[in-house]
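Peer 1: What follows is a single structure, and I will ask about it in a moment.
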Amino acid sequence: MKPVIFAVLLAATAACAGSPPVEAQPAPQTPAVAEPAQTAPAFVPPEASPGGQKPVLPLRDAQNFICGDGQLVSIEHDQPAGILRAIRGGEVFTLQEQVGYTPARFVTGSDSVEIDGDKAKLRRGKNVAEQSCHRLPAVPEAGAVWGTLVKLDRMALPAGTRAKVLLVDAARADAPAVELGSFQIETTGNQVPLHYLVHYDVARTQHPASPRLQARIETAKGELMYITDTANPIPNDGSAAPSPIELKLVRTGGK
């Protein structure tokens, strides 16, 4: 029996050796799940913002003008949109450009702005006088000096109050000062600070001249109310004045 068993085992071993190897099966892969596409947030127009109010955006590339009532107006012309945005006395308003006008004209209702080079004409409302405004230089420059008039008391200035800023040559103590330039203001109910801009001939301010700024505020009847009582010199070497220059006025009298 033993030879028979040995023969059977030998035959089985030979059969296994001749069989092809069993290949390993790859592990089943989990199919990838596509991620849902992200949706861009919906645009919410300013009118639909909380509160229903349009946001007030700061003016970019604004140009500043000083008007005859002593107020500063900042203006930005959006040429592609054909509109003009302005800030004056804390008020923001927008006007539409009228095509075909020279100089450029912008209107909305009874408000209008007309810009011609370094000058502008501004009207706010039907019964308000038109204001002539002058562009401020972007940086201090010789031939122009600007700044503000302030006073220390809290008395309100009535509409029609007048102010005058003078640039004078006070080189000679034994002679009246010589006027070199001036700026006049007539208020429309606005208060200090009042803005001024004085243009002058640089040649007349050079040494031995002694140029300095003076200012006064009067009632509509011409009664003196405030005046500067300190010297406010500007350079006499032909260089630019350090604008803006604040002029402080003190109470003297008037009503």
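The values are calculated or read from the model by the stated rules, or taken from the named source; none is laboratory data. These figures come from a predicted structure and were not determined experimentally. Cβ: placed from backbone, ideal geometry, glycine included. Neighbour counts: every protein chain shown. Just the protein is used for accessible areas: all its heavy atoms, side chains included, with ligands, DNA and RNA removed. Shrake-Rupley method; radii C 1.70, N 1.55, O 1.52, S 1.80 Å.
Peer 1: Is it the case that some residue within the range 102-120 is within 22 Å of Leu157 (Cα to Cα), open to solvent by less than 30 Å² (accessible area, probe 1.4 Å) and not hydroxyl-bearing (Ser, Thr, Tyr)? Outline the logic, then answer.
Peer 2: Pass one, the range 102-120, residues within 22 Å of Leu157 (Cα to Cα): none.
Checked against the condition, which is being within 22 Å of Leu157 (Cα to Cα), open to solvent by less than 30 Å² (accessible area, probe 1.4 Å) and not hydroxyl-bearing (Ser, Thr, Tyr), the range 102-120 yields no hits at all.
Peer 1: In the range 226-252, how many residues are of a type in the set (Ser, Thr, Tyr) and touching a residue at least 60 places away in the same chain (Cβ under 8 Å)?
Peer 2: Just the residues of the range 226-252 that are of a type in the set (Ser, Thr, Tyr), to begin with: 226, 228, 230, 239, 243, 252.
After this cut, where a residue has to be touching a residue at least 60 places away in the same chain (Cβ under 8 Å) as well, the list is 226, 239, 243.
So the answer is 3.
Peer 1: Same structure, new question: Provide a single number: the residues in the range 122-161 that are in contact with a strand residue (DSSP E or B) (Cβ under 6 Å, 6 or more places away or on another chain), at pLDDT 95 or above, farther than 17 Å from His199 by Cα and crowded, with 18+ Cβ neighbours inside 10 Å.
Peer 2: Within the range 122-161, residues that are in contact with a strand residue (DSSP E or B) (Cβ under 6 Å, 6 or more places away or on another chain), at pLDDT 95 or above, farther than 17 Å from His199 by Cα and crowded, with 18+ Cβ neighbours inside 10 Å number 3.
Peer 1: If you don't mind, there's one more thing I want to ask. Give me a count of the residues in the range 196-217 that are crowded, with 19+ Cβ neighbours inside 10 Å, in contact (Cβ under 8 Å) with a residue 60 or more places away in the chain and among the hydrophobic types (A, V, I, L, M, F, W, C). Spell out the reasoning first.
Peer 2: Taking the range 196-217 and keeping what is crowded, with 19+ Cβ neighbours inside 10 Å, we get 196-198, 200, 205, 211-215, 217.
The next check asks that each one be in contact (Cβ under 8 Å) with a residue 60 or more places away in the chain; those that pass are 196-197, 213, 215, 217.
If we keep only those that are among the hydrophobic types (A, V, I, L, M, F, W, C) as well, we get 197, 213, 215, 217.
Looking only at that region, the number is 4.
Peer 1: Every residue in the range 218-234 that is in contact with a strand residue (DSSP E or B) (Cβ under 8 Å, 6 or more places away or on another chain) and open to solvent by less than 70 Å² (accessible area, probe 1.4 Å), please.
Peer 2: Of the range 218-234, the ones in contact with a strand residue (DSSP E or B) (Cβ under 8 Å, 6 or more places away or on another chain) are 218-220, 222, 224-234.
Across the range 218-234, the qualifying residues are Glu218, Thr219, Ala220, Gly222, Leu224, Met225, Tyr226, Ile227, Thr228, Ala231, Asn232, Ile234.
Peer 1: Please count how many residues of the range 42-77 are open to solvent by less than 50 Å² (accessible area, probe 1.4 Å) and modelled with pLDDT of 95 or more.
Peer 2: The total comes to 11.
Peer 1: Select, from Val92, Val73, Val107, the only residue that is closer than 18 Å to Tyr196 by Cα, in a strand (DSSP E or B) and not basic (Lys, Arg).
Peer 2: Numbers: Val92 fails: closer than 18 Å to Tyr196 by Cα; Val107 fails: closer than 18 Å to Tyr196 by Cα.
From the options Val92, Val73, Val107, the qualifying one is Val73.
Peer 1: If you don't mind, another one. Could you go through the range 216-224 and let me know if any residue there is closer than 14 Å to Val168 by Cβ, modelled with pLDDT of 95 or more and of a type in the set (Gly, Ala, Ser). It would help to see each step written out before you state the result.
Peer 2: Going residue by residue through the range 216-224, those that are closer than 14 Å to Val168 by Cβ are 216.
Add one more test, that the residue is modelled with pLDDT of 95 or more, and what stays is 216.
Imposing the further condition that a residue be of a type in the set (Gly, Ala, Ser) reduces the set to none.
Within the range 216-224, not a single residue is closer than 14 Å to Val168 by Cβ, modelled with pLDDT of 95 or more and of a type in the set (Gly, Ala, Ser).
Peer 1: Continuing with the same structure: Out of all the residues in the range 208-234, which are of a type in the set (A, V, I, L, M), within 27 Å of Arg135 (Cα to Cα) and assigned to a loop (DSSP other than H, G, I, E, B)? Outline the logic, then answer.
Peer 2: We begin by selecting, within the range 208-234, every residue of a type in the set (A, V, I, L, M); these are 209, 213, 215, 217, 220, 224-225, 227, 231, 234.
With within 27 Å of Arg135 (Cα to Cα) added as a condition, the list becomes 213, 215, 217, 220, 227, 231, 234.
Hits for the range 208-234 are Ala220, Ala231, Ile234.
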